[in-house]
Amino acid sequence: MKKVVAIFGSPRAGGNSDALLNYAIHGAMASGAEVEKIVIRDLQIAPCNSCGGCFEKGECVILDDMQQVYFRLVNTDGIIVASPIYFMGVSAQLKALIDRCQAFWARKYILHLPVREGARTANGFLIATAARSTSEELFTGAVKTIKAFFHVLDTKYAGDLLCCGLEERGAVSMKHDLLQKAFDAGKQLLTR
C-alpha cells in the first residue's frame with residue numbers, strides 16, 4: 001500500500017489550512033493510500049543549532065520528537081505540507097521541522113549517501129493559506145522553502161494550492177471549489 005505523510009504546520013487547530021489538509025488527506029485515502037498526519041504543534045522539535053553534528057553520519061544529534069519524523073519522511077511515497085503564511089513564509093513550527101532536515105542535506109551533499117533506500121523518489125504537494133486578499137508574491141517565500149525541502153528529500157514538487165483571502169477561521173468552509181481542489185490534489189498526488 002502506498003503511503004502519504006501529511007504535515008500540518010499551523011499552530012492552530014481547526015483553521016483553514018487544517019480543513020484543506022483534511023480534504024487532501026481524504027482524497028489520498030480515496031486513491032487507496034495510507035495516510036499519516038503529523039501535527040507539528042504537538043511535537044517537541046528544537047531548532048537546528050548549526051552544530052555540524054550531522055556532517056559525521058547524516059543524522060541529527062538533537063534527540064527530540066524530530067527523530068520519529070525523519071523515518072516517516074523518507075519512507076513515504078507522498079508528502080503533503082499545509083501551512084498558513086506568516087510574514088511571507090511558512091509557520092515557525094514548520095520552518096523548525098524543515099531546518100532540522102539539514103541532516104538529510106548533509107547525508108546527500110556532504111556524505112554522498114542516499115536519502116531514500118533504492119534511490120526512490122516521492123511526490124510532494126503544498127497547501128498554503130493567507131488572510132491577505134491579493135496573492136501577488138505572497139506565497140513566493142513559502143513555495144521556495146518547500147521546493148528546497150522537497151528537493152533535499154528527493155521529492156518531486158507536484159504542485160500547490162495557494163489560497164488567499166481566508167481571514168476568518170473557517171472561511172474556507174464556504175469555498176467549496178478550494179475544498180474540492182484539495183481533495184483532488186490528495187487523490188492525484190501519487191499519480192503525478
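Things to note:
- Verdict on Ala46 being surrounded by fewer than 15 Cβ atoms within 10 Å (Cβ to Cβ), out of contact with any Cys (no Cβ under 8 Å at 6 or more places or on another chain) and over 20 Å from Lys147 (Cβ atoms): yes
- Residue satisfying all of: in the stretch 109-132; in contact with a strand residue (DSSP E or B) (Cβ under 6 Å, 6 or more places away or on another chain) and among the aliphatic types (A, V, I, L, M); nearest to Gly52 (Cα to Cα) among these: Ala122
- Here is the figure for the stretch 1-16: residues that are open to solvent by 60 Å² or more (accessible area, probe 1.4 Å) and among the hydroxyl-bearing types (Ser, Thr, Tyr) total 0.
- Residues considered: Phe104, Phe87. Of these, the only one that is over 21 Å from Ala130 (Cα atoms) and among the hydrophobic types (A, V, I, L, M, F, W, C) is Phe104.
- Scanning the stretch 122-135 for residues that are of a type in the set (S, T, N, Q) and either touching a Pro at 6+ places or on another chain (Cβ under 6 Å) or modelled with pLDDT of 95 or more (or both) yields Asn123, Thr129.
- Residues satisfying the stated conditions in the stretch 162-182, i.e. modelled with pLDDT under 90, part of a helix (DSSP H, G or I) and either farther than 18 Å from Ser83 by Cβ or open to solvent by 30 Å² or more (accessible area, probe 1.4 Å) (or both): Ser173, Met174
- Candidates Thr191, Thr134, Thr121, Thr129, filtered to the one that is hydroxyl-bearing (Ser, Thr, Tyr) and either under 11 Å from the mean Cα position of the chain (by Cα) or over 23 Å from Val4 (Cβ atoms) (or both): Thr134
- Whichever residue in the stretch 49-65 is outside any helix (DSSP H, G or I) and open to solvent by 90 Å² or more (accessible area, probe 1.4 Å) and, among such residues, is nearest to Leu153 (Cα to Cα): Glu59
- Residue in the stretch 84-91 that is within 14 Å of the chain's Cα centre (by Cα) and over 30 Å from Glu167 (Cβ atoms) present: no
- Every listed requirement among (1) closer than 17 Å to Leu153 by Cβ; (2) in contact with an Asp or Glu (Cβ under 7 Å, 6 or more places away or on another chain) is met by Leu97 save one, (2).
- Subset tally (residues that are under 13 Å from the mean Cα position of the chain (by Cα) and either in contact (Cβ under 8 Å) with a residue 40 or more places away in the chain or loosely packed, with under 13 Cβ neighbours inside 10 Å (or both)) for the stretch 66-76: 4
- Of residues in the stretch 17-29 being aliphatic (A, V, I, L, M) and open to solvent by less than 60 Å² (accessible area, probe 1.4 Å), the one farthest from Gln188 (Cα to Cα): Ala19
Each row is one residue, and each column tells you yes or no for (1) in a strand (DSSP E or B); (2) closer than 23 Å to Phe139 by Cβ.
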| position | (1), (2) |
| --- | --- |
| Ala28 | no, yes |
| Gln44 | no, no |
| Phe71 | no, no |
| Ile79 | yes, yes |
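- Residue in the stretch 133-140 that is more than 18 Å from Thr155 (Cα to Cα), of a type in the set (A, V, I, L, M, F, W, C) and either in contact with a helix residue (DSSP H, G or I) (Cβ under 8 Å, 6 or more places away or on another chain) or surrounded by fewer than 13 Cβ atoms within 10 Å (Cβ to Cβ) (or both) present: no
The values are calculated or read from the model by the stated rules, or taken from the named source; none is laboratory data. Quick caveat, the model's predicted, so the values are computed rather than measured. Ideal geometry is used to build each Cβ from the backbone, glycine not excepted, and the neighbour counts take in all protein chains shown. For the accessible areas, the whole protein counts, side chains as well, though only heavy atoms, and no ligand, DNA or RNA atoms are used. Shrake-Rupley method; radii C 1.70, N 1.55, O 1.52, S 1.80 Å.
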